[in-house]
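Following: one structure in structure tokens, then a few remarks.
Values quoted throughout were computed directly from the atomic coordinates according to the rules given, and no laboratory measurement underlies them. This is a predicted model, so every value here is computed, not measured. Don't worry about glycine lacking a Cβ; one is built from the backbone with ideal geometry, like all the others, and counts go over all protein chains shown.
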Amino acid sequence: MVRRTFANYSGTKFSLSRTLVFAGVYIAIGFVFSSLSFLEGVSPLLVIPQVLLATAAAYWSYRYTDKRISFWKAADGSLFFRGGILIYLIYLAGLITRLSIDVVLIGPKMFSFSTGVQLSGTALYGSIGTDLVLIFGVGLLIGRSIRVFRKHRRIQRREEPVPDSDPKLLKVAG
């Protein structure tokens, strides 16, 4: 994930299938780890705020990344893109925090996926809070992915121009 985050910062060759797979994997990881909270004693009713938060984050991310995702063509005609690094950083922070809370509060039992672990007090609130950050990151990734796909589709339809070199390099040179 860290490598993919760096690749997004520096620019990566566009592949629809690779973009779909990475987005799907990150979203699945986020939902799996946040759903573990329900085995630890979190009320299933908290799914409602989580879904609302993910939806709001996806909408905001979709609008935020409009000007921040950039595509360009390389000399060989390959399509490259970059942008939305803040979204990956928020997701990574949420995932690392969620895993850290589980390791510290639950220990090795967290990998058994059993229903015997019940958190109480501060641990339960910590788990809920980190889940919300993780779900926020998942929503951001969803919105970013939708924006990347739509921008790519507009480029394919020739509705949006694509520079022949990295726009970031053009700004530095100009």
**OP:** Excluding residues fewer than 8 places away in the same chain, name every one of the aspartates and glutamates whose C-alpha is closer than 17 Å to that of residue 73.
**Re:** 159, 160, 164, 166
Subject >> Cβ-derived FRET efficiency at R0 45 Å, residue 3 paired with residue 67, nearest 0.05 >> reply: 0.95
Original post:
Tell me, what is the FRET efficiency for residue 35 and residue 158 to the nearest 0.05, using R0 = 30 angstrom and their Cβ-Cβ distance as r?
Top reply: 0.10
Original post:
At a Förster distance of 35 Å, what's the computed FRET efficiency of residue 18 paired with residue 122, Cβ-Cβ distance as r, to 0.05?
Top reply: 0.30
